[in-house]
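Reading through the structure tokens given below for one structure.
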Amino acid sequence: DIMMPNMDGYELLNVLRSDVKTQLIPVILLSAKASETSKIQGLDKGADDYLVKPFSTPELICRIRANIECS
């Protein structure tokens with residue numbers, strides 16, 4: 001079982017990408033870290049998208065829709 005309180009989003013992403021059952025699930029990281037370095041790190045680790053908090057609901061829905069269509 002995956003326990004989010006014990007890991008950050010990057011660690012969760014590593015777990016998801018390393019398991020055959022979950023490696024193809026689209027992942028959008030939602031983070032308070034707005035730096036370019038943080039975004040690149042997330043995308044480099046296998047995230048499909050990266051959104052900075054606070055985010056707008058319409059933008060999140062649009063990105064979810066786009067990632068589902070691309071997968």
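By the rule of a C-alpha distance below 22 Å, with chain neighbours fewer than 8 residues away ignored, the lysines paired with Lys33 are Lys45, Lys53.
Which order, highest average first, do 40-53, 9-22, 57-70 follow once you tally other Cβ atoms within 10 Å for each residue and take the mean per peptide? Before the final figure, lay out the partial values.
On the way: 40-53: 15.8, 9-22: 13.1, 57-70: 11.3.
So the peptides 40-53, 9-22, 57-70, ranked by packing, come out 40-53, 9-22, 57-70.
For Lys39, the aspartates and glutamates whose Cα comes closer than 18 Å to its Cα, not counting residues fewer than 8 places off in the same chain, are Asp8, Glu11, Asp48, Asp49, Glu59.
Scanning residues 5 or more positions from Val27 or on other chains, those with amide H under 5 Å from its amide H are Asp48, Asp49, with H placed 1.01 Å from N in the peptide plane.
The relative contact order of the chain, computed from alpha carbon pairs under 8 Å that lie at least 6 residues apart in sequence, is 29 percent.
Any read-out appearing in this document is the output of simple, stated calculations on the displayed coordinates, not a laboratory observation. None of the values given here were measured: they were computed from a predicted structure. Please note: Cβ atoms are built from the backbone with ideal geometry, for glycine as well, and neighbour counts cover all protein chains shown.
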